[in-house]
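Peer 1: Quick one: the structure is below, and I'll ask about it shortly.
The values are calculated or read from the model by the stated rules, or taken from the named source; none is laboratory data. Not measured: the values here are computed from a predicted model. Glycine gets a Cβ as well: all are built from the backbone with ideal geometry, and neighbour counts include every protein chain shown.
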Amino acid sequence: MDELLEAARRALADVDCNVGFAAAVLGGLPGGDLWVADDDGVPLAFHAVHPCGMSLAWGPALGAAADAVVRRVQGRVARGRGEWLQVDPRWHGLDWDGMLGAVPLAEADGAGREPGVVRRTRLNFSFDAAVFAALRADATGTVRRATEADFAWPGGTVPSDCWPDARTFLAQGGGWAAEVDGAPAALAFAAMTSGDDVEIGIETLPAFRRRGLARVACAALVEDLVASGRTPVWSCRADNVGSERLAGTLGFTVSRRLPYWEVRALPLT
């Protein structure tokens, strides 16, 4: 198993996109799932699923193993496990839509029935510390470091989806919370780490949205990361206009637009 993990790490280093969630799985994140397609013990491709549902297929011979990867994904669907599948960009030329039975997002509403797989677009961003420094001054508000209580923060993008427990979250990730009159309002946190790269997650409580608090919390986190020599990483769905706009106010610019597939789980009976 150690040899397979090392092979997976070497192959992952050649993937030209944001792979922090896959690196976290290879690092032994509890709840993560790594699968290997091989030919007589020689690894051809890898498929890693993060506990939050993000997944990646990659490897030097992914083309030869694509059918096996698709069967793996379909088997997970049959067991009630969906995922957000990304593919090594070197293999985007394969007919993943056809193999997965995917419908492009623009056609999903007119498919006649709810599609099982929808092809979407994910944005990767680059970060400019100088631009951030120029924009940082007007992101002011009351913030504090994340605590163990913030591990249970409610919402769709939260620490409990990314880390096994509060202690690990604070030790390896952590974050900053914006407050209003002493009440927690927005949380920016380290969702995944890979070396010095830290992917940012953000969740604002419904009662406090559209008040600029996400920017306040994110600015504090980004400043903290830069000061400690780490690199903040941002990615989001192309249709998440709010996240893209927020990223732009913090020194991030879109660097890649990549397809990914929303694979919806079948209901268990």
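Peer 1: For region 170-193, name all the residues that are surrounded by 24 or more Cβ atoms within 10 Å (Cβ to Cβ) and either modelled with pLDDT under 95 or polar (S, T, N, Q) (or both).
Peer 2: Within region 170-193, Ala191, Met192 meet the criteria.
Peer 1: If you go through region 162-177 one residue at a time, do you hit one that is part of a strand (DSSP E or B), basic (Lys, Arg), farther than 30 Å from Arg257 by Cβ and not assigned by TED's automatic domain parsing to the domain that holds Ala102?
Peer 2: Residues of region 162-177 part of a strand (DSSP E or B): 175-177.
Now restrict to residues that are basic (Lys, Arg): none.
Scanning region 162-177, I find no residue that is part of a strand (DSSP E or B), basic (Lys, Arg), farther than 30 Å from Arg257 by Cβ and not assigned by TED's automatic domain parsing to the domain that holds Ala102, so the answer is no.
Peer 1: Give region 193-220 a look and list any residue that's closer than 17 Å to Asp161 by Cβ and either part of a helix (DSSP H, G or I) or hydrophobic (A, V, I, L, M, F, W, C) (or both), or say none.
Peer 2: Once the filter is applied, which keeps residues that are closer than 17 Å to Asp161 by Cβ and either part of a helix (DSSP H, G or I) or hydrophobic (A, V, I, L, M, F, W, C) (or both), region 193-220 yields Val198, Ile200, Ile202, Leu205.
Peer 1: Could you name every one of the helices (runs of 4 or more DSSP H) located completely within region 89-156 that has at least 2 residues being modelled with pLDDT of 95 or more and β-branched (Val, Ile, Thr)?
Peer 2: Details: elements: 96-100, 105-108, 129-136.
Hits in region 89-156: none.
Peer 1: Here are the criteria: (1) surrounded by 14 or more Cβ atoms within 10 Å (Cβ to Cβ); (2) under 16 Å from Ser235 (Cα atoms). Tell me which single one Asp16 does not satisfy.
Peer 2: Result: Asp16 passes all but (1).
Peer 1: Here are Asp197, Asp239, Asp224: which of them is within 13 Å of the chain's Cα centre (by Cα) and either in contact (Cβ under 8 Å) with a residue 40 or more places away in the chain or surrounded by 22 or more Cβ atoms within 10 Å (Cβ to Cβ) (or both)?
Peer 2: Within the list Asp197, Asp239, Asp224, the selection yields Asp197.
Peer 1: Would you confirm whether any residue within region 44-56 is more than 22 Å from Thr193 (Cβ to Cβ) and surrounded by 17 or more Cβ atoms within 10 Å (Cβ to Cβ)?
Peer 2: Kept after step one, since they are more than 22 Å from Thr193 (Cβ to Cβ), are these residues of region 44-56: 44-45.
From the residues that got through so far, the ones that are surrounded by 17 or more Cβ atoms within 10 Å (Cβ to Cβ) too are 44-45.
Looking for residues that are more than 22 Å from Thr193 (Cβ to Cβ) and surrounded by 17 or more Cβ atoms within 10 Å (Cβ to Cβ), one finds at least one in region 44-56, hence yes.
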